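Written out below as structure tokens is the structure these notes cover.
The values are calculated or read from the model by the stated rules, or taken from the named source; none is laboratory data. Model, not experiment: these values are computed from the prediction. Quick reminder, even Gly has a Cβ in these numbers, built from the backbone with ideal geometry, and neighbours come from all protein chains shown.
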Ligand SMILES: [Zn+2]
């Protein structure tokens with residue numbers, strides 16, 4: 001009987017302990033991010049103090065994404081939302097989600113010097129793929145740091161300390177990238193990818209960017225014959241050794257262009273999304289590292 005009472009008492013203690021763990025988890029603030037890169041930047045600032053959620057799964061395309069009821073429910077519980085901005089989230093879907101739920105939204109590209117992206121009809125918009133340059137990732141981190149510190153000023157010092165460490169890592173990434181790129185002669189620095197996602201990357205490391213697709217994949221059905229011909233011509237005239245497919249997009253178009261131009265596919269690059277959990281590209285630094293190694297191997 002005594003043993004029985006003891007077991008019951010122990011079970012009650014354990015249930016209580018589990019409940020208090022759940023309460024601790026539930027009391028954490030929630031940050032809902034639009035893209036995988038923004039979510040990774042956020043985790044490097046808030047650590048485990050917040051629960052960081054992401055609308056897009058690895059490999060999903062932000063330009064064409066259509067939000068779901070589950071996304072709206074996720075945003076309802078958020079203490080803060082974060083997006084890339086400049087219409088990377090096609091038709092501003094993250095802004096709509098945050099506005100509908102009445103949530104504060106941080107736009108990570110605020111303060112970055114935009115490059116122009118060609119709309120195809122002579123008009124230009126701000127190119128949203130700004131994270132592709134590590135020096136811009138620094139501004140993403142600063143914007144997230146400011147926003148989370150405003151929501152939770154008590155722990156602002158901790159967020160700042162975490163952000164400082166990550167900024168060192170971004171600086172190291174940039175220095176390492178420049179060193180790696182030095183293996184590619186200047187006249188071979190032409191990066192041909194599916195859509196215009198690499199302009200900031202190319203500007204940082206002395207490359208010329210060429211793609212058959214425009215800045216948004218929402219119009220990819222409309223890769224014009226003229227633009228495709230222009231890319232094939234450029235591959236031949238510039239003596240490009242290899243061109244690249246992207247993880248978030250169909251590979252067919254680039255394979256056809258490679259055959260037409262008589263060059264090989266140099267590999268697959270992470271562009272609008274990081275890699276899945278467990279892959280080498282599951283973090284921002286990881287995706288940049290893998291992209292650079294792939295590019296250097298194919299073009300040096
Ligand atoms: Zn894109």
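General remarks:
- Extreme residue, nearest to residue 197 (Cα to Cα), among residues of the stretch 63-102 that are in a loop (DSSP other than H, G, I, E, B) and free of Cβ contacts under 8 Å to residues at least 40 places away in the same chain: 65
- Sole residue being more than 16 Å from the ligand (Cβ to nearest atom), more than 27 Å from residue 62 (Cα to Cα) and in contact with a helix residue (DSSP H, G or I) (Cβ under 7 Å, 6 or more places away or on another chain), chosen from 184, 265: 184
- Filtered by the rule that a residue be away from the ligand (no atom under 16 Å from the Cβ) and surrounded by fewer than 22 Cβ atoms within 10 Å (Cβ to Cβ), the stretch 121-140 gives 121, 122, 123, 135, 138, 139.
- Scope the stretch 33-62; condition within 14 Å of the ligand (Cβ to nearest atom) and in a loop (DSSP other than H, G, I, E, B); matching residues: 34, 35, 56, 59, 60, 61, 62
- Checked across the stretch 130-149, the condition of being in contact (Cβ under 8 Å) with a residue 12 or more places away in the chain, in a loop (DSSP other than H, G, I, E, B) and under 20 Å from the mean Cα position of the chain (by Cα) holds for at least one residue.
- The residues in the stretch 114-123 that are closer than 16 Å to residue 211 by Cα and in contact with a strand residue (DSSP E or B) (Cβ under 7 Å, 6 or more places away or on another chain) can be counted, and the count is 4.
Quick grid of which residues meet (1) within 18 Å of the chain's Cα centre (by Cα); (2) over 25 Å from residue 136 (Cα atoms); (3) at pLDDT 95 or above; (4) surrounded by 19 or more Cβ atoms within 10 Å (Cβ to Cβ):
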| site | (1), (2), (3), (4) |
| --- | --- |
| 53 | yes, no, yes, no |
| 57 | yes, no, yes, no |
| 67 | yes, yes, yes, no |
| 76 | no, yes, yes, no |
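- Top-ranked residue of the stretch 99-118 - restricted to ones that are more than 15 Å from the chain's Cα centre (by Cα) and within 14 Å of the ligand (Cβ to nearest atom), ranked as surrounded by the fewest Cβ atoms within 10 Å (Cβ to Cβ): 118
- All conditions but one from (1) more than 16 Å from the ligand (Cβ to nearest atom); (2) in contact with a strand residue (DSSP E or B) (Cβ under 6 Å, 6 or more places away or on another chain); (3) assigned to a helix (DSSP H, G or I) apply to residue 160; the one that does not is (2).
- Residue 174 being at pLDDT below 95 and either within 19 Å of the chain's Cα centre (by Cα) or not in a helix (DSSP H, G or I) (or both): no
- Failed item, numbered, when residue 96 is tested on (1) away from the ligand (no atom under 16 Å from the Cβ); (2) touching a helix residue (DSSP H, G or I) at 6+ places or on another chain (Cβ under 9 Å): (2)
- Exclusive hit being under 20 Å from residue 130 (Cβ atoms) and not assigned by TED's automatic domain parsing to the domain that holds residue 287, set 101, 82: 82
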